[in-house]
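Here the structure comes first, spelled out in structure tokens, and everything after it is commentary.
Read the figures in this text as sums done on the coordinates, not as results from a lab. Because the structure is predicted, anything quoted here is derived from the model rather than measured. Reconstructed Cβ throughout: ideal geometry from the backbone, glycine too, with neighbour counts over all protein chains shown.
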Amino acid sequence: MADHDVDLLVVGAGSGGVRAARIAAGYGARVLIAEEFRVGGTCVIRGCIPKKLFVYASRFADDFEDAAGYGWTLDEAVFDWPTLVANKDLEIARLELAYTTTLERAGVEIVKSRAVLDDAHTARLVATGETIRPRYILIATGAAPWFGPGIPGIEHVISSNEAFHLEELPTRILIQGGSYIAVEFAAIFNGLGSDVTLVYRGENILRGFDDDLRAHLNAEMTKRGVKILCGKTVHAVQCTQDTFTAKLSDGSAVEVDKVMFALGRWPNVAGLGLEAAGVRFTEKRGVAVDPLSQTSVPHIYAIGDVTNRVNLTPVAIREGHAFADTVFGGKPTAVDHANVPTAVFSEPEVGAVGLTEAQACEQLAKVDVYKTSFRPLKMTLAARDTRAFFKLVVDGESGRVVGCHVVGPDAGEMIQLVGIAVKMKATKADIDAVMAVHPTAAEELVTLREKAFTYRREAAE
């Protein structure tokens, strides 16, 4: 490949980079995108999409069991892990082709290579050694699994990346971590029949979520058989033939067939030459950017998880689009990172948007809290011991709904729509004025009338 003179070099073909490249090309820019692995990035290849497919698979066991209460007689269900993995791989390959085709149709040139910045204006394609001098550079390399401080036996530990390609379903698995990935994989393996132990250093899983939501999910997962050990960490992993022994910080040990760490993901900045280009970083190792995603080097931008702002795929996509609008569309666009709806595809499922109760009490003079817990209608004939949880956090002075927290079936679907109301600054009275759809779980959101309690901040003397 000869020396390139392109308008934009995108480093990383994940969801954010792909969107930025496509939109920029639509504005007439000459765009080159460099990707050393597969087009689609973490979300499509080894993240959100394959994870959700595994979540679907893990929930069929409940469906088969619950069917008996509704009069269905089924033969004993048999699960085959290799079939799930193979079918998942086929779907991911289809999606990668779709992403690639979309880029090519937009006129974006794709190069299968790692791109490294030799200086602020020159990028080198590692696969060929050739150089490019782009007008603008966009860093969209995402994040990579973090394994935490080194411990004896860390070489025996897998991340979520490897979990998608295991040759067989582990009979027993220990997962260390307490956020999205750890909780979701604990539910996946539990649903598929594995004996699951979840180890987390904090006081409860899902740090950063509402405390009532965290407590409810912990109780529900425990009822399903997931052993949740909080306040502990894995200090060492020993391998004995085909099994592993995880030694915990309290002196106890757990023998399993697999050990998986899901301690979070850190910005993928190593070996990109960003330091040589003069790009600055934040204290959390992310690329430092301004509201328009511009780095300390004016013609270099960064979006998505590599900036360590709000690390969610839809946020990266929005940031990528905003970048293209700003730089090539002549429409400076800053992404609003407030009130981003999110879902955790655990079992039961979690949906949340806005402030937690604790955050609201810190920020507002008066807070009204509405909450309820109930048994979903479907579970009555199924005789399943599970409860849903709904909570609204309201600014007691303005009446505005500032937070919503849900645990239960289809929580992710519900919170997407509730997010619209929260973003529009809907009040509790607005929610109350909506007619309920009956019988649904979501109707609880518009029928909550009695306050659980009201918090008032003491006036400063």
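Before moving on, here are some points about what is shown:
- Reachable lysines, given that their alpha-carbon falls under 23 Å from the alpha-carbon of LYS223 and they are not under 8 places away in the same chain: LYS51, LYS52, LYS232, LYS258, LYS371, LYS378, LYS391
- Extreme residue, positive dipole direction of the chain, given options SER252, ALA426, ALA452 (C-beta unit charges): ALA426
- Derived scalar couplings between HN and Hα for region 209-220 equal 8, 4, 4, 5, 4, 4, 5, 5, 5, 4, 5, 5 Hz in order, rounded to whole Hz, by the Karplus curve 6.51 cos²θ - 1.76 cosθ + 1.60 (θ = phi - 60°), x for Gly and Pro.
- Spin-label model, THR372 to LYS451: label points 7 Å out along the Cα-to-beta-carbon direction sit 1.9 nm apart.
- Separation in nanometres of the label points that stand 7 Å from Cα toward Cβ, at HIS156 and ASP63: 3.7
- Kirkwood-type radius of the chain, with distances r between different C-alpha atoms, in Å: 24.1
- Taken about its Cα centre, the chain carries a charge dipole of roughly 780 debye when the Cβ of each Lys and Arg holds +1 and the Cβ of each Asp and Glu holds -1.
- Packing order of peptides 55-63, 237-245, highest average first: 55-63, 237-245 (average count of other Cβ atoms within 10 Å over each peptide's residues).
- Packing-based ranking of 28-40, 433-445, 410-422 yields 28-40, 410-422, 433-445, ordered from highest to lowest mean Cβ neighbour count within 10 Å.
- About its Cα centre, region 154-263 has a charge dipole of approximately 260 debye under the convention of +1 per Lys or Arg Cβ and -1 per Asp or Glu Cβ, with nothing else charged.
- Only DSSP H runs of four or more residues enter the estimate; each adds -39500 (n - 2.57), and after division by the residues of the chain the mean residue ellipticity at 222 nm equals -9500 deg cm²/dmol.
- Highest-first packing order for the peptide set 162-171, 395-404 is 395-404, 162-171, based on the mean count of other beta carbon atoms within 10 Å.
- Cysteines in the chain lacking a second Cys C-beta under 4.7 Å: CYS230, CYS239, CYS361, CYS404
- DSSP beta bridges confined to the chain are antiparallel in about 60 percent of cases.
- Simple Cβ-charge dipole of region 230-269, Lys/Arg +1 and Asp/Glu -1, about Cα centre, in debye nearest 20: 200
- Applying a DSSP loop filter and a limit of 16 other Cβ atoms within 10 Å to the trypsin sites (Lys or Arg not before Pro) in region 241-323 leaves ARG280, LYS284, ARG285.
- 4 °C / 1.567 mPa s Stokes-Einstein diffusion coefficient of region 42-149, Kirkwood radius on C-alpha pairs, µm²/s: 71
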